[in-house]
Each structure stands twice: as structure tokens, then as C-alpha cells.
Amino acid sequence: MTELFIAIFFASLILTGFYRRYALHKAILDLPNERSSHEQPIPRGGGIVFVGIFYALLIYLWCSQAIATPIFLSLLGGIPVALIGYCDDLYGVKIQWRMLVHCLAATWGILCLPIPHTSILFFAIFFNNLVYQSV
């Protein structure tokens, strides 16, 4: 298990460096403004590296039967959240679309879990309809 943590650490270090160079080359930068905590432009979207590592580890754990299939499927709901976040970093995405994706992903995550869904399903449908109407 220690080897796995060491591998994850070095993968994070190396892939973040690669992404940083890519973002600088493609000018994927966050320019400072009055709300920024930085004074110089910095690369945006680096979180996608950690999402990729997380899902690679998740697949490994699922394939080695260290986690149950319902948990695995539930956690896959984070992929659309990560993608909409990355798109927001690159292009800017309206809050309604981000909220819709987050709500659908949360609904997916809950429905994949092996728990009674009657009251949860009612809340999820109501909330998703509320969000969908605001888009």
C-alpha cells in the first residue's frame, strides 16, 4: 500500500508539471484581478490532473475488488462535475449549466448506492426540475 501512495505522489508531481507546461504553452492562464490572491498570471485547470489520478486509482481499486461496484458507479458521477469545472476554467460556463450538472451528478451518485431510494428520489426529481426550469 505504501508503494501505491508513493506512486500517486510522483504521478501527481510529474503530471502536474506536464500540465503546467501545457497550460503555459497554450496560454490557459488566470489573470489577476481585484479578488485574486496572486499578482502574476498562473495556469488554470490543473485540477484535472488530480481528477485523472483519482479515477485511475478508483478503477484500480474496483478491478482489484477493493471497493464494491455500487460505490464505484456512484463515484463515477464526479466525472461530469470535473469536466464542467474544467470547461468553466477554459471558457466560462454559466452557473445554471454548472448547477444542473452538479445536481444530476449528485442524483446519479445517490441512486447508485444500495440504499432505499423512495424519499431520496422524490427530492432529487423535485430539485432537478427546479434547476432545469431556471436554465
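Values quoted throughout were computed directly from the atomic coordinates according to the rules given, and no laboratory measurement underlies them. Just so it is clear, the structure is predicted and the values come from calculations on it, not from any experiment. Glycine gets a Cβ as well: all are built from the backbone with ideal geometry, and neighbour counts include every protein chain shown.
Given the alternatives (1) 15.7; (2) 18.0; (3) 17.3, Kirkwood radius over Cα pairs in Å as computed for this entry is given by (3). Compared with the direct C-alpha span, the chain from Leu83 to Lys26 gains 18.7 nm at full extension, assuming 0.36 nm per residue. Less than 5 angstrom separates the built amide H of Asp30 from those of Ile42, Arg44, all sequence-distant by 5 or more or on a different chain. Loop-located trypsin sites (Lys or Arg not before Pro) in the range 1-108 (DSSP state not H, G, I, E or B) with no more than 12 neighbouring Cβ atoms inside 10 Å: Lys26, Arg35, Lys94. Ellipticity at 222 nm from helices only: DSSP H runs of n ≥ 4 in the chain, each -39500 (n - 2.57), divided by the residue count, give -24000 deg cm²/dmol. Where in the chain are the helices, taken as whole DSSP H runs, whose Cα atoms extend 30 angstrom or more along the long axis and whose Kyte-Doolittle mean reaches at least -0.5? Helices meeting the criterion: 2-25. Arranged from fewest to most other beta-carbon atoms within 10 Å of their beta carbon, Phe9, Phe50 become Phe9, Phe50.
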